[in-house]
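Q: Structure in structure tokens, see below.
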Amino acid sequence: MPSNNVKVIASSKQVTAESNRREIQNMVMLGSGFMVMFTAFNTMENLEKPFLASATEDDPTFTADGYVALGILYLFFGISLWLAPSIISLIGPRVALAVSSLGYSAFIASFYLRKTWLVYGGSVVNGLSAALLWTAQGNYTILNSRPKTITRNTSIFWVLFKCSLFFGNAFVFFMFRGKTRIDHDTGNTVIVVLFAIAAFATFLMLFLRKPEHESQKRDEASLWASRVSFIAEAGPMEAFTRSVRLALKPRILMLCPLFCYFGFQVSYHSGIYSACVGFTRNLGEDSKKLIPLVGIFIGLGELVTGSILILKGTHFSKFKWGGVWIVSTGFVVQATCFFMVFLNLPNAAVFGDTYDTAILTSNIPLCLLCGMMIGIGDGCFTSQIYSLLETMYPNDSSQTVALFNFINALASATSFYSSTMLGLHTQLLILVLTGLTGSIGYAVVTAQVKRGVASQALSTH
């Protein structure tokens, strides 16, 4: 009997090791596909405002605005989040990932002809595709993970994904050197290369393997998967109604400023800040080359935070207020960054090319440092928001995550739209106020959740 038990244990360990290996392989393939896809998309998003502004100089009849286009993208992303799970339940996450990748390619291609309706139409298609892509990514990750491996697998994905901020921006940096504006031929070259990269990413998505635990109907992974498929089962309207009821709960209401801040800072680091740097002509006549360079430093900041949390995440989790310290650190870093941007860039830089002077003499190293600080703060917020939502409502995590994504997508859309009217300094003030309110709300809710968990633990003993 003992020998049989030893054999069973050995066999179980072997199966677990093999399962771990396949999980990691699948997540590396998924992360690599996203890295290639967002090498193209993040680069185009980063330079969209200056790109379209230069195109308008060439052809005054072309009136597409980069902030408006990105606002449309995030608006449709937020709305279509409620439909994506139903589609994924019909076609599966792998097919959804491949199909939605086509929308990203279409978005990049829409810039080639410099037609206003085509650019805005491409933004709509990308918004719809983004909802499908990110919902499928979450579903594929959960089906490919167990509760004890979900953090590791998610970290593998995010580190690979954030590498996308380096390669495309490095290419554009060399393309824009010595350029005072983005001329037609240079712009077309960038679009063709980025479109080819996005198309290759779609090709990679076709080779994603079946999730490791997809066929296991009664294991823990299936229980996790069922928690993200509630919209497909209940229908978009019922899911929306349930999420509205959830949104009225006091804890969620206290977190809404944080959700909004997350959306504001996403729009700021994904398209607004880099454009402001590129439009500040006092940084040099070829300031457009700084747009991709800022993107690289934002990515560097994201990787610094991600690497620290991967290596020291369990260390932070041992502390009662570990999450609060991480979020507070993220806010302090970003608030400091916003103050330095206030000093370093002119108020009018958000609208277009300007020779206006800032409070200090605008300088490039400070621009790059601020980019890195934005990335560090974003990594702090991203890592902790999902963790708190999972802890707060373990049986309704899908509703809370959908609600969070919906609110932050609408906040991003609002931020992009407002950038056509509000000066940079006004936007920085809004960011600081919402960030401060959101961070305080996070600390209060975390304290409530921890008290609830502690009292529940005492009652079970």
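Q: Can you pull out every residue in the range 167-189 that is in contact (Cβ under 8 Å) with a residue 24 or more places away in the chain and open to solvent by less than 30 Å² (accessible area, probe 1.4 Å)?
A: Selection gives G168, N169, V172, F176, I182, G187, N188.
Q: Output the number of residues of the range 150-166 satisfying the condition of being at pLDDT below 80 and open to solvent by less than 20 Å² (accessible area, probe 1.4 Å).
A: The qualifying residues number 1.
Q: In the range 267-297, which residues are β-branched (V, I, T) and more than 22 Å from the chain's Cα centre (by Cα)?
A: T280
Q: Something else: Going through E18, E45, E57, E23 one at a time, which residue ends up being among the charged types (D, E, K, R) and either in contact with a Gly (Cβ under 7 Å, 6 or more places away or on another chain) or at pLDDT 90 or above (or both)?
A: E45 is the lone residue from the list that is among the charged types (D, E, K, R) and either in contact with a Gly (Cβ under 7 Å, 6 or more places away or on another chain) or at pLDDT 90 or above (or both).
Q: Continuing with the same structure: Take the conditions under 19 Å from the mean Cα position of the chain (by Cα) and assigned to a helix (DSSP H, G or I) and apply them to A69. Does it pass? Show your work before the answer.
A: Numbers: under 19 Å from the mean Cα position of the chain (by Cα): yes; assigned to a helix (DSSP H, G or I): yes.
Here the answer is yes, as A69 does meet what is asked.
Q: To continue, here is another question. In the range 437-455, which residue that is among the small types (G, A, S) and surrounded by fewer than 14 Cβ atoms within 10 Å (Cβ to Cβ) is modelled with the highest pLDDT? Before you say what the answer is, go through the steps one by one.
A: Just the residues of the range 437-455 that are among the small types (G, A, S), to begin with: 438-439, 441, 443, 447, 452, 454-455.
Filter once more, so that each one left must be surrounded by fewer than 14 Cβ atoms within 10 Å (Cβ to Cβ): 447, 452, 454-455.
Values: A447: 83, G452: 61, A454: 49, S455: 51.
Only one residue tops the list, namely A447.
Q: Confirm whether L118 is open to solvent by 10 Å² or more (accessible area, probe 1.4 Å) and within 18 Å of L30 (Cα to Cα).
A: Details: open to solvent by 10 Å² or more (accessible area, probe 1.4 Å): yes; within 18 Å of L30 (Cα to Cα): no.
Considered against the rule, which asks whether it is open to solvent by 10 Å² or more (accessible area, probe 1.4 Å) and within 18 Å of L30 (Cα to Cα), L118 comes out as no.
Q: Quickly run through the range 334-364 and pick out the residues that are over 24 Å from the mean Cα position of the chain (by Cα), open to solvent by less than 20 Å² (accessible area, probe 1.4 Å) and closer than 19 Å to S267 by Cβ.
A: L345, A349, G352 - these are the residues of the range 334-364 that are over 24 Å from the mean Cα position of the chain (by Cα), open to solvent by less than 20 Å² (accessible area, probe 1.4 Å) and closer than 19 Å to S267 by Cβ.
Q: Which residue, of G103, G66, is free of Cβ contacts under 8 Å to residues at least 40 places away in the same chain and open to solvent by less than 20 Å² (accessible area, probe 1.4 Å)?
A: Result: G103 is the single residue among G103, G66 that is free of Cβ contacts under 8 Å to residues at least 40 places away in the same chain and open to solvent by less than 20 Å² (accessible area, probe 1.4 Å).
Q: Within the range 423-436, is even one residue modelled with pLDDT of 80 or more, assigned to a loop (DSSP other than H, G, I, E, B), more than 17 Å from C260 (Cβ to Cβ) and open to solvent by 60 Å² or more (accessible area, probe 1.4 Å)? Break it down into steps so the answer makes sense when it comes.
A: Step one: list which residues in the range 423-436 are modelled with pLDDT of 80 or more, which gives 423-436.
Applying the additional criterion that residues be assigned to a loop (DSSP other than H, G, I, E, B) yields 423.
Restricting the remaining residues to those that are more than 17 Å from C260 (Cβ to Cβ) gives 423.
Subsequent filtering for residues that are open to solvent by 60 Å² or more (accessible area, probe 1.4 Å) retains none.
There is no residue in the range 423-436 that is modelled with pLDDT of 80 or more, assigned to a loop (DSSP other than H, G, I, E, B), more than 17 Å from C260 (Cβ to Cβ) and open to solvent by 60 Å² or more (accessible area, probe 1.4 Å).
Q: Ok, one more. Of R218, R209, which residue is modelled with pLDDT under 60, assigned to a loop (DSSP other than H, G, I, E, B) and surrounded by fewer than 19 Cβ atoms within 10 Å (Cβ to Cβ)?
A: None of the others qualify; the one that does is R218.
Q: Are any of the residues in the range 99-108 at pLDDT 90 or above, closer than 23 Å to G168 by Cα, under 16 Å from the mean Cα position of the chain (by Cα) and of a type in the set (A, V, I, L, M, F, W, C)?
A: no
Q: Considering every residue within the range 135-149, establish whether at least one is at pLDDT below 75, β-branched (V, I, T) and more than 27 Å from Y74 (Cα to Cα).
A: Within the range 135-149, one or more residues are at pLDDT below 75, β-branched (V, I, T) and more than 27 Å from Y74 (Cα to Cα).
Residues checked against (1) over 18 Å from F200 (Cβ atoms); (2) buried (at least 22 other Cβ atoms within 10 Å of the Cβ):
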residue: T56; (1), (2): yes, no
residue: D59; (1), (2): yes, no
residue: L73; (1), (2): yes, yes
residue: S80; (1), (2): yes, no
residue: A98; (1), (2): no, no
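The values are calculated or read from the model by the stated rules, or taken from the named source; none is laboratory data. Source: prediction; values computed, not measured. FYI the Cβ positions are ideal-geometry reconstructions off the backbone, even for glycines, and counts take in every protein chain you see. Surface accessibility is based on the protein's heavy atoms, side chains included, excluding ligands, DNA and RNA. Shrake-Rupley method; radii C 1.70, N 1.55, O 1.52, S 1.80 Å.
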